[in-house]
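Take a look at the structure below.
The values are calculated or read from the model by the stated rules, or taken from the named source; none is laboratory data. Keep in mind that this is a model prediction, so the values were computed, not measured. We place every Cβ from the backbone using ideal geometry, glycine too, and count neighbours over all the protein chains shown.
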């Protein structure tokens with residue numbers, strides 16, 4: 001498969017205003033809010049930038065919970081074992097060990113910041129079990145509103161210090177590119193800040209530049225690269241695309257987690273789809289095919305509680321065997337009172353779609369949910385670009401490997417955002433981050449993809465790199481993506497000008513192109529990457545596929 005060529009910058013007007021900071025944090029989910037709160041007291045000036053409102057990050061949609069070894073009978077070592085098992089042999093053990101050993105303290109800090117978790121009869125945090133876990137270690141809030149409660153608490157902490165001169169919050173701002181300085185002796189371009197487009201009144205309006213020696217990307221996932229996803233509309237892969245353009249290494253792009261139980265709303269459904277939390281199966285709900293046959297016991301020893309990739313692939317096979325476009329999630333035996341109390345948000349969402357799950361099974365099918373890949377970091381959040389950090393779903397810490405274990409995502413955001421902030425503070429104290437370098441242009445022409453092309457890009461990615469892939473499907477996707485015009489702003493017959501929808505669509509196209517290429521290289525099936533032409537594991541592929549852009553924009557894999 002011929003590697004794609006991608007632009008090193010977005011087409012955009014020159015910045016009309018400039019500000020400066022000691023660190024710029026991009027994103028307001030659990031990772032971004034945690035990083036900003038930690039940095040606020042450790043460096044003189046922090047700029048927190050978010051695409052929407054502070055409470056609009058992906059965290060608010062997290063239903064399941066947050067995993068940590070909080071029970072006296074549980075241990076970090078047991079959590080590590082379960083995480084490695086889900087990761088398909090590709091998890092970085094050192095990163096997982098950091099996650100599971102520091103995780104319990106980070107959860108306790110969430111409580112100290114005002115997060116209210118559900119409690120048990122003894123007054124302690126109530127712990128449940130989800131797929132892939134062999135112990136009760138999932139903490140929930142509001143039954144199935146864990147992310148919303150964590151987001152509420154952290155946003156409240158930011159709001160309480162909004163008037164602090166050491167922090168500025170810029171909402172409704174899309175970061176366009178990570179600015180970089182001239183290359184050093186090793187060819188690496190250090191971070192110089194970001195360009196961003198702010199929608200709103202006042203001086204922070206239109207395209208501007210925020211100069212800083214440190215940028216922390218916490219931009220979330222890539223859900224809108226696919227036709228249907230549980231991710232919010234803002235999950236357009238902005239962080240991965242911006243990091244690629246800045247010269248960062250990106251890895252594990254092919255490992256996309258398709259949540260097995262997403263409400264099936266018909267063949268024409270697209271965009272953000274309602275998630276039926278894995279916690280429902282954790283409480284005992286069963287998966288049935290359209291003939292009423294329970295099929296998961298024959299697929300895995302944990303049946304419905306098998307890792308998500310196992311369940312998703314089993315559903316795809318069962319759908320094919322029954323010529324159906326969905327299966328059924330049956331929770332009726334759990335009782336109406338229990339379902340309404342334990343899962344109030346899901347109950348309300350299903351009711352809004354005319355489904356009473358206390359009386360009937362729920363139609364479900366896999367949809368894109370989480371991306372295990374991202375910008376490569378070490379255990380301190382550092383990327384291959386000096387001064388650039390990545391935390392949360394946009395990062396590839398190595399924790400998840402080929403497949404994320406349920407409820408490890410919120411924990412990862414917490415743990416590694418805290419670590420990244422500590423590292424930035426240490427480097428600030430050591431005098432390593434005193435000023436940003438002068439921004440320097442990167443080679444090549446900038447890119448812009450028409451907003452009208454987004455559905456075409458999503459269709460190509462979904463058909464070619466969905467839950468089940470092959471060389472043929474990936475080749476078709478790559479060809480379709482290569483036909484998308486990336487200089488739409490220069491075309492007289494195309495309606496496209498540099499603006500939010502076009503910038504996001506360009507990011508979607510770049511991430512899709514890199515993902516499809518990486519998936520074509522990995523000639524095996526592992527975790528969230530399943531190929532019908534290579535259905536088995538291959539020991540020679542027990543390694544990462546890492547990609548980056550050369551100076552001419554060619555995607556180079558290694």
Point to revise | Answer from 98, 60 - the residue that is assigned by TED's automatic domain parsing to the domain that holds residue 199, in a helix (DSSP H, G or I) and under 17 Å from the mean Cα position of the chain (by Cα) | key: 60
**Study point:** Flag for residue 539 being within 17 Å of residue 89 (Cβ to Cβ) and out of contact with any strand residue (DSSP E or B) (no Cβ under 9 Å at 6 or more places or on another chain)
**Key:** yes
Exercise for review: Could you list all residues from segment 45-69 that are under 17 Å from residue 110 (Cα atoms), modelled with pLDDT of 95 or more and surrounded by fewer than 24 Cβ atoms within 10 Å (Cβ to Cβ)?
Suggested key: 69
Practice item. Scan segment 4-25 for residues that are over 22 Å from residue 173 (Cα atoms) and surrounded by fewer than 19 Cβ atoms within 10 Å (Cβ to Cβ) and jot them down. Key: 5
Check your understanding: Among 287, 305, 329, which is the only one that is within 17 Å of residue 65 (Cα to Cα) and touching a residue at least 12 places away in the same chain (Cβ under 8 Å)?
Key -> 305
Study note, to complete from the structure: Note on residue 91: of the conditions (1) within 22 Å of residue 214 (Cβ to Cβ); (2) out of contact with any strand residue (DSSP E or B) (no Cβ under 9 Å at 6 or more places or on another chain); (3) buried (at least 20 other Cβ atoms within 10 Å of the Cβ); (4) modelled with pLDDT of 95 or more, unmet is (1)
Exercise for review: Kindly indicate whether any position in segment 494-501 is in contact (Cβ under 8 Å) with a residue 12 or more places away in the chain, over 27 Å from residue 398 (Cβ atoms) and outside any loop (DSSP other than H, G, I, E, B).
Suggested key: yes
Exercise for review: Would you point out the residue of segment 453-480, among those that are in contact (Cβ under 8 Å) with a residue 40 or more places away in the chain, touching a helix residue (DSSP H, G or I) at 6+ places or on another chain (Cβ under 8 Å) and under 24 Å from residue 498 (Cβ atoms), that is surrounded by the most Cβ atoms within 10 Å (Cβ to Cβ)?
Suggested key: 461
Review point. Does segment 374-397 hold any residues that are touching a residue at least 60 places away in the same chain (Cβ under 8 Å), more than 20 Å from residue 61 (Cβ to Cβ) and buried (at least 24 other Cβ atoms within 10 Å of the Cβ), and which are they?
Key: 375, 381, 383, 387, 388, 389, 390, 396, 397
Check your understanding: Hey, residue 422 hits all of (1) at pLDDT 95 or above; (2) closer than 27 Å to residue 12 by Cβ but one; which does it fall short on?
Key -> (2)
Check your understanding: Within segment 549-558, can one find any residue that is farther than 17 Å from residue 7 by Cα, assigned to a loop (DSSP other than H, G, I, E, B), out of contact with any helix residue (DSSP H, G or I) (no Cβ under 9 Å at 6 or more places or on another chain) and at pLDDT below 95?
Key -> yes
Check your understanding: Mind checking whether some residue in segment 180-188 is in contact with a strand residue (DSSP E or B) (Cβ under 7 Å, 6 or more places away or on another chain) and under 20 Å from residue 22 (Cα atoms)?
Key -> yes
